[in-house]
1. For Phe35, are the conditions met, namely being part of a helix (DSSP H, G or I), at pLDDT below 90 and more than 28 Å from Met194 (Cβ to Cβ)?
2. Quick one: what pairs do we get from the stretch 2-18, first residue part of a helix (DSSP H, G or I), second of a type in the set (D, E, K, R), C-beta under 9 Å, 6+ apart or different chains?
3. Take the stretch 137-185 and flag every residue that is loosely packed, with under 15 Cβ neighbours inside 10 Å, of a type in the set (Lys, Arg) and over 16 Å from Ala79 (Cα atoms).
4. Can you tell me which residue within the stretch 80-94, out of those that are polar (S, T, N, Q) and open to solvent by 40 Å² or more (accessible area, probe 1.4 Å), is modelled with the highest pLDDT?
5. Taking Glu78 as meeting all but one of (1) under 19 Å from Ile10 (Cβ atoms); (2) more than 12 Å from the chain's Cα centre (by Cα), write down the number of the exception.
6. Check whether at least one residue in the stretch 20-41 is open to solvent by 80 Å² or more (accessible area, probe 1.4 Å), under 30 Å from Arg165 (Cα atoms) and among the polar types (S, T, N, Q), and report yes or no.
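The values are calculated or read from the model by the stated rules, or taken from the named source; none is laboratory data. Values in this document were obtained by computation on a predicted structure and should not be read as measured data. Here Cβ is always computed from backbone atoms with ideal geometry, including for glycine, and neighbour counts include all displayed protein chains. Quick note on the areas: whole protein, heavy atoms, side chains included, nothing else; ligands and nucleic acids left out. Shrake-Rupley method; radii C 1.70, N 1.55, O 1.52, S 1.80 Å.
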Amino acid sequence: MITLNLQRRIAVLSGILSLLSLVVSIILSFFGFSFASNLFLGLFSSGILICGTAIVTYFYERNRAVLSLYNGCYDFMEALNKNLRVDNRIGIYELKDNLQEMQKVYKKEVYFYICQLLSMNKHFKLSKIIKEIWESVRKVYLLVVEDNSKVCQFLVGDISEDEIRSYTFKYTSGDSIKQIKCLQEALDKLSYHMNYYNIRKEKNSKEATDHAH
């Protein structure tokens with residue numbers, strides 16, 4: 001998201017400006033130009049204030065984006081679970097709606113925040129965890145897109161009913177299950193890294209209630 005990149009650039013540029021202003025102020029003061037020295041000292045103070053505000057805003061926006069991504073991934077998996085029936089039966093129109101819902105959730109609640117957070121320093125632990133989440137959820141999303149394309153082909157008459165019946169849907173395949181497991185592990189890492197204790201408890205409690213029903 002532009003906000004994170006913008007805040008980071010503001011912090012860097014204002015920090016550089018502050019440092020240069022301080023150096024110039026010291027030099028001018030040394031040569032007796034007190035008025036000009038005070039002017040650059042004022043620029044230094046303003047730059048420090050802007051830099052500090054930008055840093056605080058950056059971390060606030062970053063943490064908010066991380067939390068939104070965390071919740072978005074669970075919403076994506078919940079949308080996926082709508083199609084996982086014990087008897088593996090689901091109407092083709094309902095399946096189409098659910099597949100499109102998964103794509104909508106992915107674009108709005110996952111990819112949107114991934115784009116913000118992947119701009120972080122690649123050496124940060126948080127950045128590495130975000131990349132793990134991105135790799136797993138992206139692969140599942142591509143399987144969903146492929147399946148939705150096949151359903152749409154059937155609905156517009158490009159393929160027959162026999163072809164759609166014989167088609168093996170990818171979103172319920174072993175590869176999809178494997179990626180969901182990797183996604184869950186990455187989300188657990190993110191949860192512990194960000195200290196989402198209360199959120200974890202709520203998620204676990206909700207999952208336990210769902211299993212009970």
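1. Taking the combined requirement at face value, the residue satisfies it.
2. Thr3/Glu61; Leu4/Glu61; Leu4/Arg62; Gln7/Glu61; Gln7/Arg62
3. Of everything in the stretch 137-185, those that are loosely packed, with under 15 Cβ neighbours inside 10 Å, of a type in the set (Lys, Arg) and over 16 Å from Ala79 (Cα atoms) turn out to be Arg165, Lys178.
4. Here the answer is Asn81.
5. Condition not satisfied by Glu78: (1).
6. First, the residues of the stretch 20-41 that are open to solvent by 80 Å² or more (accessible area, probe 1.4 Å): 20, 26-27, 30-31, 33, 35, 38-39.
Filter once more, keeping what is under 30 Å from Arg165 (Cα atoms): none.
No, because not a single residue in the stretch 20-41 is open to solvent by 80 Å² or more (accessible area, probe 1.4 Å), under 30 Å from Arg165 (Cα atoms) and among the polar types (S, T, N, Q).
Every residue, every condition in (1) in contact with a Phe, Trp or Tyr (Cβ under 6 Å, 6 or more places away or on another chain); (2) in a helix (DSSP H, G or I); (3) open to solvent by less than 30 Å² (accessible area, probe 1.4 Å); (4) under 24 Å from Lys181 (Cβ atoms), yes or no:
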| residue | (1), (2), (3), (4) |
| --- | --- |
| Tyr58 | no, yes, no, no |
| Arg62 | no, yes, no, no |
| Leu67 | no, yes, no, yes |
| Asp75 | no, yes, no, yes |
| Glu78 | no, yes, no, yes |
| Lys96 | no, yes, no, no |
| Gln100 | no, yes, no, no |
| Gln103 | no, yes, yes, yes |
| Tyr111 | no, yes, no, yes |
